[in-house]
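**Q** Quick one: the structure is below, questions incoming.
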Amino acid sequence: MPRSTRRIRPASAITLAAALLLLPTTTATASTEVSTTWPGSSGIADADGSNVFGGNLSGLSFESPSVLWAVKNGPGTLYRLVRNGTKWQPDTANGWSSGKALRYRTGKGDPDAEAVVATPDGVFAATERDGDKNKVSALKVLRYDVSGSAKSLTAKAEWDLTPDLPKVSANDGLEAISWIPDSVLTAKGFVDERTKAPYSPGTYPGHGSGLYFAGLESNGMIYAYALDQAGGKYTRVASFASGLDSLMELEFEASTGKLWAVCDDNCGGASATLAVSAQGKFAVTATFDRPGGMPDYNNEGFAIAPESTCATGGKQVIWADDGSEGGHALRAGTLPCGTSGK
């Protein structure tokens, strides 16, 4: 989504108060410790070359320590990024040099790709509309096969979540997507709100090995889905508040078991972490301001490097700035290694 002039609230006391209101009133296994200080380093650094992407870079997801996926929302484009020293650049192999244009399953359209996640099932993009019909909301999740060398990618599977989600304006829809393995959800005692019982993966044959968590910009809500990997069919398993008024990115941090929710300059760059409580529901565990050295950029993408990359000073995190301020769309910071984070 392009930079907005509306301001929802500062990422400090008001965000903190809202997060506290969203916490369960009963004792939870998820920590209810709340902090407004970014838990990693306060400094940030440019993580791409000058004027590589232009504007509209909107979502990020690590596939591995050496591969980072990124999507642009206009025109819908998927990038495969690889490390170049301390920076990330488009892969030069297999037609990825300038990214690849995205298409719906029909082979047509211009998916307004706002978020991306790499999973064992493939690479998925969350979209809020078709750029060729940009006044109509179309809340869809698309799966792509990224193994070939073609210049454009047609979705191999498509899920239209529009009928299941609140009605929103065309530029106020799906902005975030993440994936959490079934093994993590069952170990944490996650409850299926549809069955009112502990989540059982066998209830949803063909859904793969985890659930997909989609974030809606307009209300800051997160929706968990079992997606039939044949495409089309889906079941909502749960929905819950992110702790933020507006939501731009979701990222699962495997080492801590936390789901990160991230807002852009509409919330002063605030983020929140969530975990499964004793009641089996995701609840806010903390809210954070952006790093002290980060200006209030229009950051719509956020990704945490795998734990295997940890070194002195922590592990890398990357933000994607939709506005490409100063000619840079990617910036890097850190988070603590291990499970010591909040």
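The values are calculated or read from the model by the stated rules, or taken from the named source; none is laboratory data. Quantities reported herein were computed from a predicted structural model and do not represent experimental measurements. Using ideal geometry, Cβ is built from the backbone for each residue, glycine included, and neighbour counts are taken over all protein chains shown.
**Q** Does any residue of the stretch 120-138 turn out to be free of Cβ contacts under 8 Å to residues at least 12 places away in the same chain, out of contact with any Phe, Trp or Tyr (no Cβ under 7 Å at 6 or more places or on another chain) and closer than 20 Å to Leu81 by Cβ?
**A** No, the conditions are met nowhere in the stretch 120-138.
A quick yes/no check of all residues on (1) within 28 Å of Asn84 (Cα to Cα); (2) out of contact with any strand residue (DSSP E or B) (no Cβ under 9 Å at 6 or more places or on another chain); (3) among the aromatic types (Phe, Trp, Tyr); (4) surrounded by fewer than 24 Cβ atoms within 10 Å (Cβ to Cβ):
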{"site": "Ala254", "(1), (2), (3), (4)": "yes, no, no, yes"}
{"site": "Asp264", "(1), (2), (3), (4)": "yes, no, no, no"}
{"site": "Gly280", "(1), (2), (3), (4)": "no, no, no, yes"}
{"site": "Asp289", "(1), (2), (3), (4)": "no, no, no, yes"}
{"site": "Pro295", "(1), (2), (3), (4)": "yes, yes, no, yes"}
{"site": "Trp319", "(1), (2), (3), (4)": "yes, no, yes, no"}
{"site": "Leu330", "(1), (2), (3), (4)": "yes, no, no, no"}
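**Q** Let me ask something else about it. Condition first: among the acidic types (Asp, Glu) and under 18 Å from the mean Cα position of the chain (by Cα). Now tell me which residues in the stretch 183-217 satisfy that.
**A** Across the stretch 183-217, the qualifying residue is only Glu217.
**Q** Here's a follow-up. In the list Ala320, Ala226, Ala230, Ala272, which residue meets the criterion of being part of a strand (DSSP E or B) and over 13 Å from the mean Cα position of the chain (by Cα)?
**A** Exactly one residue qualifies, and that residue is Ala226.
**Q** State which residue is farthest from Gly99 (Cα to Cα) when the search covers only the stretch 46-65 and only residues that are out of contact with any helix residue (DSSP H, G or I) (no Cβ under 7 Å at 6 or more places or on another chain) and surrounded by fewer than 14 Cβ atoms within 10 Å (Cβ to Cβ).
**A** Ser64
**Q** Please go through (1) within 23 Å of Leu68 (Cα to Cα); (2) among the charged types (D, E, K, R); (3) part of a loop (DSSP other than H, G, I, E, B) for Glu251 and return the number of the only condition it doesn't satisfy.
**A** (3)
**Q** Continuing with this model, one more query. For the stretch 175-190, which positions are hydrophobic (A, V, I, L, M, F, W, C) and in contact with a Ser or Thr (Cβ under 7 Å, 6 or more places away or on another chain)?
**A** Trp179
**Q** Of the residues Thr5, Thr32, which is in contact with a helix residue (DSSP H, G or I) (Cβ under 9 Å, 6 or more places away or on another chain), assigned to a loop (DSSP other than H, G, I, E, B) and modelled with pLDDT under 95?
**A** Exactly one of Thr5, Thr32 is in contact with a helix residue (DSSP H, G or I) (Cβ under 9 Å, 6 or more places away or on another chain), assigned to a loop (DSSP other than H, G, I, E, B) and modelled with pLDDT under 95, namely Thr32.
**Q** Which one of Leu259, Leu165 is in contact (Cβ under 8 Å) with a residue 60 or more places away in the chain and of a type outside the set (Gly, Ala, Ser)?
**A** Only one candidate qualifies: Leu259.
**Q** Tally the residues that are touching a strand residue (DSSP E or B) at 6+ places or on another chain (Cβ under 7 Å) and free of Cβ contacts under 8 Å to residues at least 60 places away in the same chain, restricting the search to the stretch 140-149.
**A** 3
**Q** Can you name the residue in the stretch 106-133 that is within 22 Å of the chain's Cα centre (by Cα) and part of a loop (DSSP other than H, G, I, E, B) and is also farthest from Leu250 (Cα to Cα) among such residues?
**A** The extreme case among them is Asp110.
**Q** Got at least one residue in the stretch 167-174 being over 25 Å from Gly99 (Cα atoms), out of contact with any Ser or Thr (no Cβ under 8 Å at 6 or more places or on another chain) and of a type outside the set (A, V, I, L, M)?
**A** no
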